[in-house]
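Below: one structure, written as structure tokens.
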Amino acid sequence: MPAPMGTPRARIPTGVKAGDVIEIRTLITHPMETGQRRDAAGAVIPRDIIRSFAARFDGEEVFRMELHAAVSANPFIAFPFRADRSGRFEFVWTNDAGESARLAADLRVG
């Protein structure tokens, strides 16, 4: 049984001017089990990883990443973004079981 998707977080810079290249930072709590470890009783802990991450800005995909078993627990993902206008980000993390965690955050450009 997969672990529940953890709490997603994002950090969107403030004080952004049109044309600035900013760094978007995201983090989600998740164990990222590889399926190769064993519990205290010796049973294999089933594989349970976040397989993909996608970021959309006003409905347009601006970043996508496929994750693999080598990614550590609680994956931190950061990416650059050119801020030309204010808008809304939507971040989606999807695990092996097809379950998703979503987070929306606004970008304000002055």
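Values for this structure:
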item	result
Computed Kirkwood radius, in angstrom, where 1/r is averaged over Cα pairs of the chain	15.0 Å
Distant-in-sequence amide H partners of Val16 (H built 1.01 Å from N, under 5 Å)	Gly110
Under-5 Å amide H pairs with Met32, H placed in peptide plane, nonlocal only	Ile50, Asn74
Computed over the chain: relative contact order in percent, which uses C-alpha pairs under 8 Å that are six or more apart	33 percent
Stretch gain in nm, segment Thr7-Leu103, where the contour uses 0.36 nm per residue and the Cα spacing is subtracted	33.6 nm
Listed peptides 26-37, 74-85 by packing density, highest first (mean Cβ within 10 Å)	26-37, 74-85
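Taken together, the values in this text are just the output of simple stated rules run on the coordinates, not laboratory data. Just so it is clear, the model here is predicted, and its values are computed rather than measured. Counting neighbours? That spans all protein chains shown, and the Cβs are built from the backbone with ideal geometry, glycine included.
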